[in-house]
1. Could you compute how fast the range 280-354 diffuses translationally, taking Rh as the Kirkwood radius over C-alpha pairs and applying Stokes-Einstein at 37 °C with viscosity 0.692 mPa s? Give it in µm² per second.
2. Using the per-residue mean of other Cβ atoms lying within 10 Å as a proxy for protection, in what order, highest first, do the peptides 220-233, 167-180, 79-92 fall?
3. Using Cα centres only, tell me the gap between the range 257-324 and the range 22-72 in whole Å.
4. In nanometres, what is the gap between the two model label sites at residue 75 and residue 19, each 7 Å from Cα along Cα-to-Cβ?
5. Run the simple label-point estimate for residue 339 and residue 165 please: 7 Å along Cα→C-beta, distance reported in nm.
6. Pick from 260, 274, 355: which is most flexible by mean-square fluctuation in a GNM of the chain where alpha carbon atoms under 10 Å apart are linked?
7. Report the full-extension gain for the segment residue 4 to residue 278: residue separation times 0.36 nm, less the Cα-Cα distance, to one decimal in nm.
8. Step through the table entries 312/354; 289/355; 17/54; 58/137; 289/343; 42/149, compare each Cα-Cα distance with 19 Å, and write down the pairs that go over it.
Amino acid sequence: MLFQTPLYPEHINQGAKLVDFAGWSMPLEYTSMLKEATQVRKTAGLFDVSHMGKIEIKGAQAEKFLQYLCSNDIASLQRGRMQYNLLLNERGGIIDDVMVYNLGSYFLLVVNAACASKDFSWLRVQGEKFEVAIEDKASFYALLALQGKAAAPILEQTLDSSVLTLSYMSCGVFYYSDFGSLLISRSGYSGEDGFEIWVENEFARRLWQRLQEVGRNYHLALCGLGARDILRLEAGYPLYGTDMDEETNPYEAGLGWAVKLEYKDFIGRSSLEKLKCKIRRRRFGFVMKERGFARSGYPILDAAGQELGVVKSGVYSPNLAQFIGNGFLDSEYAVEGKEVFIKIRNKPYLALTKKFPFLKLGVKKEG
């Protein structure tokens, strides 16, 4: 039996194609994942991402605890801000990539659905050495992602102008009589401006419907996981479990910017100090120059047919009208503009290496 989000009846009513994703019945697409991904870049899209895990951490040593667990510098995370982070094992491998919210009296970790149970158990074990209370809160809330150029006016007209005070990677709790208490952040996984909204289960369908009503004037699209995967790859964002796992370290994954070796001690730090100067492969992008779909696991070759790496993710980008992908490449090839070949059904297809992102993003990083 698959888990269902509070918005499951809406997906059924709106004709979504549902798939099993990490044990959840989730929309893959409503009409066409290509059209949905295009519409997000043009105007806006609305996603149900309630399958994501939500773990609350409180207590006198909550900050100290997270500083020990996370690769990034939690001490620099101000109240009302959020931070991308990595949970690492002792070898420096990535247990999960997470978002950490500082909400003043407590912290919130948003974790990947496939890792939620593993993460929670691991946090509980690590938390035994600290004065912290750790609670799984995911079942009480739905999570909506409103993404795209028109996300801000849609949300303003649905709620009020106070939400526009949020800058990129900031968050806050807002109360509305129609929707209860909402935790809203200006963030997302699309590379566009947008908001992620935690709403109590009882108000989730009402908010979903209201956003659609307002969004009609902006050609808002309902979007599934297919469009989400296209958008995140166009933006160069990695997907846990596909592009990285516990055998991948942050430097290989292109996430060294989220590691602060110089500031603090944390789980995996000593291993990363040794690994940092010995990285032989890196996650890097490529654009197909011959028509071919590069799927996960396909070899990446040089002109002589020698294997250079392996594909991790590949999609057709409707916004670029090209097949794109990423994978792990020998470090000398992880630079812009190198010719490589993707082995597809025993035939090599020409591709060019490409830095992330693949296109200009609409994320508003100014304050």
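1. Result for D is 281 µm²/s.
2. Values: 220-233: 24.9, 167-180: 14.9, 79-92: 19.0.
Ranking the peptides 220-233, 167-180, 79-92 by packing returns 220-233, 79-92, 167-180.
3. About 22 Å separates the Cα centre of the range 257-324 from the one of the range 22-72.
4. 4.4 nm
5. Each label point is offset 7 Å from its Cα along the Cβ direction, giving 5.8 nm.
6. 274
7. Roughly 94.2 nm would be gained on extension.
8. Beyond 19 Å: 17/54.
Quick note: the coordinates plus some simple rules give every number you see, no bench work behind them. Owing to the predicted nature of the structure, the values given are computational and were not obtained by experimental measurement. All Cβ positions, glycine included, derive from the backbone under ideal geometry; neighbour counts span all protein chains shown.
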